[in-house]
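First the structure, in the form of structure tokens, and then the observations on it.
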Amino acid sequence: MHGRVVGEHDRVVEIVEVLGPDGTPPYKVRAANGHESIMSPGPDSQVQHLKSDQA
């Protein structure tokens, strides 16, 4: 998720569970520090798929 204001850093989270139908949000996500939450990505977010050898 890209920072929305000057000085706010981008955040990277991993989608660990898809809660919506057919792969749609909301998603259960996990941050690098282990914190998990439920989110629906907005226009300031970017979803990237890992290659199978990176999973």
In segment 1-22, residue surrounded by the most Cβ atoms within 10 Å (Cβ to Cβ) [restricted to those that are farther than 15 Å from Leu50 by Cβ and at pLDDT 90 or above]: Leu19
Selected residue (criterion: modelled with the highest pLDDT) from residues of segment 23-38 that are under 17 Å from His9 (Cβ atoms) and open to solvent by less than 80 Å² (accessible area, probe 1.4 Å): Val29
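The values are calculated or read from the model by the stated rules, or taken from the named source; none is laboratory data. Keep in mind the model is a prediction, meaning the values are calculated, not measured. Glycine gets a Cβ as well: all are built from the backbone with ideal geometry, and neighbour counts include every protein chain shown. For the accessible areas, the whole protein counts, side chains as well, though only heavy atoms, and no ligand, DNA or RNA atoms are used. Shrake-Rupley method; radii C 1.70, N 1.55, O 1.52, S 1.80 Å.
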